[in-house]
Every structure is written in structure tokens, then in C-alpha cells.
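Written below as C-alpha cells is the structure these notes are about.
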Amino acid sequence: MRPISCCDKHQPILTCDRLSLGYDNRPVLTELSFQIYPGDYLSIIGENGAGKSTLMKTLLGLMKPVSGKVTVNCRRGRNCIGYLPQQTQISRDFPATVWEVVLSGLLGRNGWHPFFTKKEKAAAMENLDRLHIADLKNASFKNLSGGQQQRVLLARALCAAHEILMLDEPVTGLDAVASTELYEALTELNRRDGMTIVVVSHDIHNTILQSTRILHLGKDGYFFGTPAQYMVSEEAKMFFPSEENE
């Protein structure tokens, strides 16, 4: 079980205030405002080209907004965030053991140092256990299945995460069984351990089942609210056209 959150559960852990995002000062999203509270599970969905990955990069501090503000209300700032990017073939072929990959998530967490402490190694082992892959500790990462690799990378991201775990299309390239298992792992981390989850996904039907909040980005605006509110919204008709007749 991870340590008790250092954040006030009654205060937003992340706030976007009138955010406009884009490239070369040309916004693809404008006037975006929402709040994420500790323990939320936010799914970011919507049209292709609507700015989902751009928003993720901005939340992570990898891109600056055109205007507006992102506030991370944690004493560690953005260091409270663990990030699982989209997999690439390079990451799939990474020549290291599972243990080495997971431990690398601790690099930079408390400043650079040449050796991992006993406490850090225990945290890495705990994350392997949490994701039920401790038996793969000494296996070669590149020889694992896609689903196993993604669990290893998720354990690595958890080593970096204090409060928030952000994931960009985490089931891309996975088969149906591996995708379901990964979503189940995220749900367990959220509901059992209280980890705040923010996930960009095209897998609309599955991700909605896990979520406490939905952010739908469209070319003409956005929706932010609960899954129940989303299912009766105009934005939901893009993915659930049958709802129009109910």
C-alpha cells in the first residue's frame, strides 16, 4: 500500500484555468477550465486532432500554454506526477531486465545519485507486486509480451508518481485481453491505493467504465463532468449515436 496522500482531498490537486493550447501561438484548444481532485480517474477523449496529447504535454510541463494557467497543488509540484507515454518500437526493444527498467523510474525522483537506496529498491519491488509481475523481475524486457511490457512500464511510472499517474494511449498495440487487464490494473490503483489517474484514450467504451470524470475535447468546444452527465450530453452522441433515440 502506498503512503497516505500528502494532498488535501477536499482541494483540487490540478487546476486548468482558461487554458489555450497550441503550437507557434496558434491555439488548438481555447478557454479550457477544469479541476482534478485527489483520487479522481479522469479520461480525456474526443476527436482526432482536438488536442488530447497536446493537453497531456501541457499538464506535464513539457509544453507551455498559449495562455491561461495550469496549477499543480502538491508540495512536490509536478514531481508528484508519474507518466506513461505511448509505446514505441524503441522502448519495446530496450535491452534491459524488468528490474532495471522499473528501477529507472526512480532516477531524478529525489535528485541524481549513483546508487539506489534500500528504501528505493523496496518501493520498486512493491510496484512489481502491485502489478502482479514480481515473477518477471529478472526477465529480459524485450522478450516480454506487449501486455507484460506495458505493466512493467506502468510499474516504472509508479516509481516516479507520488500522487498522479498520467497515461497517453496506454493500450495502443495491445490485444483485447491485455487491454482489459491493463484497465483493471489502473482501476485497482485508483480505487485501492487512491492514485489519481489521468488517461488519454481512444478506447472510449472501456475507459468510461473506469472513470469518475470525463473530459471530451472537440473542435467546437469541450465537455467536463461525470460519466453519467457525459452519456446524456451532445458530445457523447459522436461515440454513442444510439443514445439519441433513448
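Numbers for the structure displayed
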item: Using a Förster distance of 25 Å, the FRET efficiency for residue 226-residue 71 (Cβ separation, nearest 0.05); result: 0.65
item: Charge dipole of the chain about the Cα centre (unit charges at C-beta), most positive-ward option of 216, 38, 162; result: 162
item: Computed E for residue 125/residue 237 - FRET, C-beta separation, R0 45 angstrom, nearest 0.05; result: 0.45
item: At most 11 other Cβ within 10 Å, DSSP loop - chymotrypsin sites (Phe, Trp or Tyr not before Pro), the stretch 97-175; result: 112, 115
item: Dipole magnitude of the chain, debye to nearest 20 (Cβ charges: Lys/Arg +1, Asp/Glu -1, about Cα centre); result: 1200
item: Residue 135/residue 209 FRET efficiency (R0 35 Å; Cβ-Cβ; nearest 0.05); result: 0.75
item: Non-local Lys pairs in the chain, i.e. 8 or more apart or on different chains, that have alpha carbons under 15 Å apart; result: 5
item: The chain: relative contact order in percent, alpha carbon pairs under 8 Å with at least 6 residues between; result: 26
item: Length gained when the stretch residue 26-residue 180 is fully extended (0.36 nm per residue, less Cα-Cα span); result: 51.7 nm
item: Radius 13 Å from Cβ of residue 151, net charge of other residues (Lys, Arg +1; Asp, Glu -1); result: -2
item: For the stretch 17-139: rounded, prolate or oblate by the Cα gyration tensor [a/c cutoff 1.5]; result: prolate
item: Cα-Cα pairs of the stretch 61-207 separated by more than 27 Å (percent); result: 21
item: Three principal axis lengths of the chain [C-alpha, angstrom, descending]; result: 53, 38, 36
item: Residue-averaged [θ]222 nm for the chain, counting only DSSP H segments that reach four residues, each worth -39500 (n - 2.57); result: -9000 deg cm²/dmol
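Every read-out reported here was derived from the displayed coordinates using simple, explicitly stated rules and does not represent laboratory data. In this text the structure is predicted, and so the values were computed from the model without any measurement. Ideal geometry is used to build each Cβ from the backbone, glycine not excepted, and the neighbour counts take in all protein chains shown.
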